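The numbers here are math on the coordinates, done by the rules we state, and not lab data. Just so it is clear, the model here is predicted, and its values are computed rather than measured.
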Amino acid sequence: MLASFWDYIGNPANIGTVAVIMGCMIPIVAIVTGIWQSVEKTRSNNALKRAMLDRGMSADDIERVMAAGEADDEDEEDE
């Protein structure tokens, strides 16, 4: 099975098909990675908020801390 796969890819007649498939895979992987990063960032922020609530911080304190973190993130992206 694996040998026939490599034979298919290595065949010069199939190089166009392989190129199209690989060309489609790159944006798909990029989109999935972007979504995954967004989900993980949300999970991380939620865990941080939960930890701050467990420590007894008020909603105003949490909002201030989260806003400061977002400002730091924007500064890092600009550099």
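Details
- Given (i) 3, 8, 8, 9, 8, 8, 8, 9, 9, 9, 8, 9, 3, 0; (ii) 3, 14, 16, 15, 15, 14, 13, 8, 2, 0; (iii) 3, 12, 11, 13, 12, 9, 7, 6, 6, 7, 6, 5, 2, 0, the label whose value is P(r) over Cα pairs in 5 Å bins from 0, in percent derived from this model: (iii)
- Helix 15-54 and the long axis of the chain differ in direction by around 20°, with both axes built from C-alpha atoms.
- If the segment from residue 17 to residue 39 were pulled out straight at 0.36 nm per residue, it would be longer than the present Cα-Cα gap by 4.6 nm.
- The 3J(HN,Hα) values that the Karplus relation (6.51, -1.76, 1.60; θ = phi - 60°) gives for the stretch 5-12 are, in residue order, 4, 5, 5, 5, 5, x, 6, x Hz. Gly and Pro appear as x.
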